[in-house]
Amino acid sequence: MRNISDELAIFVQEGAEYIKYLVATQSYDVAKYLVILAPIVTLWYYFFWRPFNYYRDFTDFGFQEAARKPPGKGSNVSKRNIINDMRSRRKLGELPPVYPNGWFIILESRELLIEGSREVSCLGLALVAWRGKSGKSYVADAYCPHLGAHLGVNGEVRDDCIKCPFHGWAFEGSNGKCVDIPYADSVPEFARIKMWETVEMNGFIYLWYHAEGEKPNWQPDEMREIATGEWKYRGRSEFLATCHIQEVPENGADMSHLNVVHKPAMLSGGKPTEAKLTWGFLTHQWSGSWEANSNPELSHRALMTLTHRMCLFNKIPFMEVNVQAHQVGPGTVYLRFKGFGGEGVLFFNVTPLEPLLMKITHTFYSSRSMLHPFGLLILLGEAIQLERDIAIWNRKTYISRPLLTKEDKAIKAFRRWFSQFYSSNSPRMSTAFNNPILPNPSVTTTPTSNGSIKLNPDNLSF
Ligand code: FES
Ligand SMILES: [Fe+2]
């Protein structure tokens, strides 16, 4: 299937061919108009139609030392290997359990086509996700109980079943039961795969994870305007960060970092110290609060209230925005707002791919009345600010008993609140890796199938 960029390339190529034809046949007037029109259409496509789509790997932030060339010739050590070594030498601190209980986004709806299947790996789980003919999505344990093939690797979707690529056993999406073994007279009653509880809303597939296997006691919030198609998808960005999951939402309660990390103008980029141009006359100024929901029925929720001002010469404010960010469970935050000619919602989601590898995404929808470039700008601004945080998260240690001032009290409240998502069986760093044994005991890291790096916990520095 062709994607949008392929379609655009074909469109431009065909347009160029047509112009050549018009010139050749001396239809100069039409050709002239088309030459003027083509760049306008292209600009319109990029700025008013194409959704934002941005991806950054964790190796881009906080590992400047790895990019420094060693003196002299002869070294062929890659940046990635140096980063592996830096990660293995990291002092991790006394980490809380690595996978909290709650709803986590494992896929975006658009990533799972009708009768398509995908391999998903997160929260220490090997999963297969598929979308049946009915349009419903399903998530199950990936390994086939027959002889262990991965159902997400060439697994075929038939109606609402997933069919194993090895010997063709078919499993029903609604309950995981095996409904067909092509070469057997009967199907054993106990042949089934474990199905995971999921909900699909807001353009995401959420999976419920609980270390004790308990049922969900809360649900993610649904945005009616997305479900009805009232709001338009403006785009997304995705980042990998190598840190503990708690570091990401803790940022929302850490008010004092805002006027340090996020103070330099967005125009100085994700690495303000390396910016070529100084934008010192322009700063962001922040104030706000973070509070856990006091209603016991809504204890999985917290609210961050934030005022953002743009300032000239640190003194003259010229723009003020007030926002409320809703933290719902350990992995999802959203911010609803009005302004820029419409209404919208910006999601901030974090899902642990591994104990210390987080997938962080921003996704933005807004009313159709909002000019598309505003949406692109908001996503770009959020991406730049997040890159600054990731540079810190990638290299920091976790201090379980931090030295806090009274101004930092929200951090203490946040940690108390977040601890509700851990239970007695929540996996710890030392037990969470699926494959702790590596072929060469002197090797401290190994690449995984998604290109990330997996640490050998036996060699980790605690
Ligand atoms: S391994 Fe799946 S059918 Fe044999
Ligand atoms: Fe931050």
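One table, with the values for the structure above:
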| item | result |
| --- | --- |
| Peptide ranges 38-46, 148-156, 245-253 listed from the most packed, as the mean C-beta count within 10 angstrom indicates | 245-253, 148-156, 38-46 |
| Estimated distance in nm for a label pair at V41 and A227, the labels positioned 7 Å out from Cα along Cα-to-Cβ | 3.9 |
| Unit charges on C-beta of K, R, D, E only; dipole of region 224-418, Debye | 200 |
| Gained length - E189 relative to Y18, 0.36 nm times residue gap less alpha-carbon distance | 55.2 nm |
| Cβ-derived FRET efficiency at R0 25 Å, T307 paired with L403, nearest 0.05 | 0.40 |
| FRET efficiency, K396 to T431 (Cβ-Cβ, R0 25 Å, nearest 0.05) | 0.65 |
| Burial ranking of peptide ranges 195-204, 355-364 (average Cβ count within 10 Å, highest at the top) | 355-364, 195-204 |
| Residues of region 333-350 with amide N under 16 Å of a point placed 7 Å along Cα→Cβ from N293 | 333-336 |
| Per-residue [θ]222 nm for the chain (sum of -39500 (n - 2.57) over DSSP H runs n ≥ 4, rounded to 500) | -7000 deg cm²/dmol |
| Shape call, region 102-209: gyration tensor on alpha carbons, a/c limit 1.5 | prolate |
| Protection proxy ranking, peptides 188-194, 50-56, 121-127, average beta carbon neighbours within 10 Å, highest first | 121-127, 50-56, 188-194 |
| Residue among Y233, I360, Y138 farthest towards the positive dipole end of the chain, charges placed on Cβ | I360 |
| P(r) tail fraction, the chain - alpha-carbon pairs more than 32 Å apart, % | 49 |
| Leading residue at positive end of dipole, the chain (Cβ point charges), from S109, P272, S400 | P272 |
| Equivalent ellipsoid dimensions for region 199-312 as semi-axes, Å, which come from the Cα gyration tensor, largest first | 33, 19, 16 |
| Kyte-Doolittle mean at least 0.0, axial Cα span of 15 Å or more - DSSP H helices of the chain | 4-24, 28-48, 372-393 |
| Cβ-placed point charges (K, R +1; D, E -1), dipole of the chain about Cα centre in debye, nearest 20 | 1620 |
| Reach of K177 by Cα under 19 Å, taken over lysines that are not fewer than 8 positions away in the same chain | K133, K136, K163, K194 |
| Alpha-carbon centroids, region 361-393 and region 223-275: separation in whole Å | 7 |
| FRET efficiency for F318 and T273, using Cβ-Cβ distance with R0 set to 30 Å, rounded to 0.05 | 0.75 |
| Largest-first principal axis extents, alpha carbons of region 224-418, Å | 46, 44, 31 |
| Distance-filtered residues of region 33-48 - backbone nitrogen under 20 Å, label point 7 angstrom along T25 Cα→Cβ | 33-38 |
| Selected from G213, C311, C161, residue furthest toward positive end of dipole (the chain; charges at beta carbon) | C311 |
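The numbers here are math on the coordinates, done by the rules we state, and not lab data. What you see is a predicted model; the values in this text were computed from it and never measured. Counting neighbours? That spans all protein chains shown, and the Cβs are built from the backbone with ideal geometry, glycine included.
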